[in-house]
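Everything on this sheet refers to the single structure shown next.
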Amino acid sequence: MWFWSKALIASIALAAFAVASPAQEHPTRPVTAAPGQAAADFLTRAAQSALFEMEAARVAMERSESADIRQFAAMMLTDHAASSAQLMAAAEQDGLRVPPAAGLERGRTDDVERLRRVGEADFDKVFLTQQARAHESALELHRAYARDGEGFALKAAAAEVARVIERHLAHVKVVGK
């Protein structure tokens, strides 16, 4: 329980660096903003992604009967806590001071609620479908920021986190077979 609390605190800490933004269907929309705003937008979206994936992983730990999915969920909790802390440290290193964000976006909250309500027979399929979609979006977001973002440390951290996300996405595809 201590670990999961620490993981949640790390994700919330990353969210505290992010600016609240409206719900996004495509989290990598082009941004034309003042200097620092692109980083704030990226951090907001990264925090939303991490919070959703961690909350979904907690539900999977409770509901899935598949050892592979529970193992994947545990890996996501560990990796997303570390990735969130890495992004937060990089933002600090680049001198970014970003106001706090709200909780999960409505669409993400709806997805978590669906996981809680879906029947036992369909849980794993719904979880893996949501995770594939979430990780594809997160991968696109982190790759785009690593390529086009601002702040050397944050761009480098985004590239490193993208590799973690790639590993998660590959795992989703293997477990889903």
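None of the figures in this text is laboratory data; all of them are computed from the coordinates on show. Bear in mind that the values here come from a model prediction, so they are computed numbers and not experimental data. We place every Cβ from the backbone using ideal geometry, glycine too, and count neighbours over all the protein chains shown.
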**Asked** Regarding residue 89, is this residue in contact with a Leu (Cβ under 8 Å, 6 or more places away or on another chain) and of a type in the set (Gly, Ala, Ser)?
**Response** no
**Complete:** A careful count of residues in the stretch 45-101 that are of a type in the set (Ser, Thr, Tyr), under 16 Å from residue 115 (Cα atoms) and either touching a Cys at 6+ places or on another chain (Cβ under 7 Å) or surrounded by fewer than 20 Cβ atoms within 10 Å (Cβ to Cβ) (or both) gives 1
**Asked** What residue, among those in the stretch 138-158 that are of a type in the set (Lys, Arg) and either crowded, with 17+ Cβ neighbours inside 10 Å or in contact with a strand residue (DSSP E or B) (Cβ under 9 Å, 6 or more places away or on another chain) (or both), is nearest to residue 50 (Cα to Cα)?
**Response** 143
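Per-residue answers, yes or no, for (1) outside any loop (DSSP other than H, G, I, E, B); (2) closer than 17 Å to residue 71 by Cα; (3) of a type in the set (S, T, N, Q):
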| position | (1), (2), (3) |
| --- | --- |
| 103 | no, no, no |
| 128 | yes, yes, no |
| 145 | yes, no, no |
| 150 | no, no, no |
| 160 | yes, no, no |
| 164 | yes, yes, no |
| 168 | yes, yes, no |
| 174 | yes, yes, no |
